[in-house]
Amino acid sequence: MPNHTDNNKRIAKNTLLLYGRMFLMFSISLYTSRVVLKTLGVEDYGIYNVVGGVISMFAFIKAAMNSSTQRYITFYLGKGNKDELRDVFSMALLIHFLIALVVFALGETIGLWFVLNKLVIPEERQDAAMWVYQLSIVASLINIVSIPYNAEIIAHEKMGVFAYVSIIEAVLKLIVVYLLLVIPYDSLKVYAFLIVIISLLIRYIYSRYCHRNFVEAHFVFTKNYGLLREMSSFAGWNLWGGFSAVISGQGLNILLNMFFGPVVNAARGVSIQIQSAVHQFATSFQTALNPQITKTYAANKLNEMHNLIFRSSKFTFVLLFLICLPVILETDVILSLWLEKAPDYASIFVKLMLCITLLDSMANPLMNANAATGKVKTYQLVIGSIVILVLPIAYLCLKKGGEPWTVFAVHLCICFFSFVARLMIVRSLIHLSMKKFFIRVIFPCSLVLLVSIPLPMLIINMMAEGTDRLIIVVLVSFCSVSVATYFLALTESEKNFIKEKVLNVLNKRIKF
């Protein structure tokens with residue numbers, strides 16, 4: 001088992017690689033989203049967002065097995081059990097093929113009925129909507145059967161693979177944007193088709209890499225029925241949690257369509273683009289840490305596991321807040337510069353969804369810690385039941401005449417209650433100290449939040465809205481959050497670790 005120093009170095013290296021990947025995808029996403037929205041138009045963009053979202057609702061099945069596969073591959077890798085690691089991969093691959101068949105059946109029956117009978121789609125765009133829907137099913141099936149390969153890469157902490165493949169994906173998405181402008185055919189159909197082609201190619205690259213680099217990443221027939229029951233039970237309880245998460249996302253998207261039409265879905269689509277780009281900061285850091293959380297639990301190193309959870313929650317929050325603060329304060333200016341004319345409600349959607357992302361960022365390490373234990377029944381029942389309340393409460397708000405943004409306000413409140421519940425459940429499973437979590441995560445993050453806001457708010461009150469103010473607010477926000485984090489949120493060992501890494505980078509640059 002690698003020592004603590006080696007783990008820190010690996011985490012730091014993987015984090016830098018994932019951040020490089022994230023910055024690339026972020027830049028490409030901003031440009032391509034603008035061109036796609038302009039090329040498709042607000043209505044077609046909304047149709048793509050809501051119709052593609054219907055098949056995504058069945059992704060809770062995929063998400064449940066994704067969590068199970070990730071946990072078991074990482075767990076047995078941490079224990080060094082090669083035979084069971086091979087059995088886990090083969091079993092996961094077989095199960096995912098069966099899941100793909102289930103999703104296909106659901107998509108072509110219940111999902112198809114819902115699209116044809118419940119969604120608000122202009123009659124002249126029904127044909128294009130069907131293209132989008134069928135191609136979304138194909139993309140979903142491709143992603144489902146690829147999950148075990150992605151789990152292998154993450155478990156082995158080969159984060160550089162994601163970074164390099166992202167370069168290919170980014171170039172392909174730029175090519176898609178160009179093709180949308182030159183192909184004389186229905187742009188919505190062309191866009192949906194090309195996205196499927198990209199998905200197929202990227203998934204092939206990941207699977208090919210696993211076949212060539214990991215001995216266990218080959219299917220072999222196994223009769224390890226005990227492992228099958230264990231993985232199925234784990235995934236079964238995750239189904240409820242995955243279903244509730246989908247309802248809180250795509251369910252709200254469908255509610256907005258039913259009450260307000262595809263134009264409001266376009267606003268949500270824009271806000272999702274920004275939220276997803278910002279969320280990459282959280283996933284980049286946590287993806288580097290998550291395998292270590294599971295491996296330390298497998299090795300029964302609970303104190304080290306607790307420290308990883310504290311670090312993951314705290315650093316993810318402050319890194320996200322570093323980006324979210326100027327975006328929340330200057331949403332209108334950013335949207336106007338990015339899209340020229342943003343859909344109605346896009347601004348308030350962005351603000352609320354970024355707040356949701358910030359809160360969830362601190363809770364995600366708790367979810368991974370729970371998965372590491374394998375004891376997910378209570379967690380999924382409680383958290384899933386809380387999260388799914390978003391849909392009926394949001395429906396009642398809209399039925400009473402609420403504005404579109406109220407559904408995200410409801411979502412934010414539910415996220416707070418689910419965060420508290422996560423903490424209460426996980427503390428008993430891994431003997432996590434509530435007092436330490438408050439002292440090392442919640443308190444310092446709250447201090448950073450309170451101390452960082454006044455200065456950029458002062459700039460906003462002193463200057464007229466525009467590009468100049470945006471630049472200054474971004475710089476001031478970056479400085480205020482960075483200084484507050486360094487002096488109020490970091491421990492002495494964390495400060496020393498950051499100093500060491502910064503000096504190493506600078507020294508390498510100077511030598512180069």
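The values are calculated or read from the model by the stated rules, or taken from the named source; none is laboratory data. The shown structure was predicted, so the numbers you read here are calculated from the model rather than taken from an experiment. Cβ: placed from backbone, ideal geometry, glycine included. Neighbour counts: every protein chain shown. The protein model used for the area step is the full one, side chains on, heavy atoms only, and it has no ligands, DNA or RNA in it. Shrake-Rupley method; radii C 1.70, N 1.55, O 1.52, S 1.80 Å.
Can you give the relative contact order of the chain as a percent, counting alpha carbon pairs under 8 Å and 6+ residues apart?
Relative contact order, the chain: 20 percent.
Cross-link list K82/K223; K118/K341; K314/K495; K223/K301; K82/K295: which exceed 20 angstrom alpha carbon to alpha carbon?
Over 20 Å apart, Cα to Cα: K118/K341; K223/K301.
Report the net charge of residues surrounding R427, where surrounding means a beta-carbon distance below 11 angstrom and charges are Lys +1, Arg +1, Asp -1, Glu -1.
Net charge in that neighbourhood comes out at +3.
Beta carbons within 10 angstrom, averaged per residue: use that to sort the peptides 195-208, 231-244, highest first.
Ranking, from highest mean packing down: 231-244, 195-208.
At 1.4 Å probe size, with the rest of the protein present, what percent of the exposed accessible area of region 61-168 is carbon and sulfur atoms?
65
If a/c stays under 1.5 just call it rounded; otherwise compare a/b with b/c (prolate if a/b is bigger, oblate if not). Do that for region 166-280, with a ≥ b ≥ c from the square roots of the Cα gyration tensor eigenvalues.
In terms of gyration-tensor shape, oblate.
Just to verify a number: FRET efficiency for V35 and F416, C-beta to C-beta distance, R0 = 30 Å, to 0.05?
Calculated transfer efficiency: 0.25.
If N is the number of residues in region 219-340, what value comes out of its Cα radius of gyration divided by 2.2 N^0.38 Å?
Taking N as the residue count of region 219-340, the ratio is 1.48.
Extending each Cα 7 Å along its Cβ direction at R212 and T109, get the distance between those two points in nm, one decimal.
Those two pseudo-labels are separated by 4.2 nm.
Quantify, in whole percent, the carbon and sulfur part of the accessible surface of region 368-432 (1.4 Å probe; protein heavy atoms only).
70
Carbon and sulfur atoms: what percent of the 1.4 Å accessible area of region 205-322 do they account for?
The computed percentage sits at 58.
What's the center-to-center distance, using Cα atoms, between region 325-396 and region 188-218 in Å?
Value for the Cα centre distance between the two parts: 28 Å.
I need the calculated FRET efficiency for the pair R229 and K399, taking r as the beta carbon distance and R₀ as 51 Å, to the nearest 0.05.
So, using R0 = 51 Å, E works out to roughly 0.70.
Using label points projected 7 Å from each Cα along Cα→Cβ, tell me how many nm separate S336 and I168, to one decimal.
Placing both labels 7 Å along Cα→Cβ, they lie 4.2 nm apart.
With the Cα gyration tensor of region 268-365 in hand, convert its eigenvalues to equivalent ellipsoid semi-axes via √(5λ) and list them largest first in whole Å.
Sorted largest first and rounded, they come to 33, 11, 9 Å.
If I take R0 = 35 Å and measure r between the Cβ atoms of N496 and R427 in this structure, what FRET efficiency does the formula 1/(1 + (r/R0)^6) give, to the nearest 0.05?
Using R0 = 35 Å, I get an efficiency of 0.75.
Pop out the ³J(HN,Hα) list for region 462-474 in order, Karplus 6.51 cos²θ - 1.76 cosθ + 1.60 with θ = phi - 60°, rounded to Hz; leave Gly and Pro as x.
Computed from phi, the couplings for region 462-474 are 8, 10, 6, 5, x, 5, 4, 5, 4, 4, 5, 5, 4 Hz.
Along the principal axes of its C-alpha atoms, what lengths does the chain span, in descending order and rounded to whole Å?
65, 62, 52
I need the phi-derived Karplus couplings for region 400-405: 6.51 cos²θ - 1.76 cosθ + 1.60, θ = phi - 60°, integer Hz, Gly and Pro marked x.
Each residue's phi maps through the Karplus curve to give 7, x, x, 6, x, 5 Hz.
Just to confirm, what accessible area per residue do you get for the chain at 1.4 Å probe, in whole Å²?
Result: 45 Å² of accessible area for each residue.
Once fully extended, how much extra length lies between F193 and F221, figured as 0.36 nm per residue of separation less the alpha-carbon to alpha-carbon distance?
The F193-F221 span can extend by a further 6.6 nm.
In terms of Cα to Cα distance under 20 Å, which aspartates and glutamates are near enough to K377, apart from those fewer than 8 places away along the same chain?
Answer for K377, where 20 Å is the Cα cut-off: E230, listed by chain and number.
So what J values fall out for region 93-106 if you push phi through Karplus, 6.51 cos²θ - 1.76 cosθ + 1.60 with θ = phi - 60°, rounded to Hz, Gly and Pro as x?
Taking θ as phi minus 60°, the curve returns 5, 5, 4, 5, 5, 5, 4, 4, 5, 5, 4, 4, 5, 5 Hz for region 93-106.
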